[in-house]
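Structure record follows, encoded as structure tokens.
Values in this text are rule-based calculations from the coordinates and carry no lab data. Note that the coordinates shown come from a computational prediction; the quantities given were computed from them, not determined experimentally. A quick note on method: Cβ atoms are made from the backbone with ideal geometry, for glycine too, and the neighbour counts reach across all protein chains shown.
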Amino acid sequence: MGTDQAVYLLSQMVWNALIVAAPILLATLFVGLLISIFQVTTQLQEITLSYVPKILVTAFLLIGLGPWMIGRIGSFATSLYQIIPGLS
């Protein structure tokens with residue numbers, strides 16, 4: 001395997017990880033921003049008010065998007081296993 005093929009596989013791995021993680025990270029970021037704005041406007045500084053909604057959104061997204069995430073990672077792993085015989 002040449003360095004160009006290794007760099008290509010590494011970049012594909014990073015892009016797949018970014019695509020799989022992006023929905024959860026963006027949703028958590030958006031909910032955290034909304035909760036922070038709510039806390040600033042109401043001056044309600046309850047610590048559980050910021051954690052519980054983010055945990056719930058993350059759990060619902062993992063339940064909803066979990067099969068897609070596993071499928072995407074699984075197809076990438078399958079493609080990696082398929083190119084192993086062609087490596088020299």
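Test Ile83 against the stated conditions and say whether it is closer than 30 Å to Met1 by Cβ and surrounded by 11 or more Cβ atoms within 10 Å (Cβ to Cβ). Spelling it out, Ile83 is indeed closer than 30 Å to Met1 by Cβ and surrounded by 11 or more Cβ atoms within 10 Å (Cβ to Cβ).
Picking from residues in region 1-30 that are in contact (Cβ under 8 Å) with a residue 60 or more places away in the chain and among the aliphatic types (A, V, I, L, M), the one that is surrounded by the fewest Cβ atoms within 10 Å (Cβ to Cβ) is Met1.
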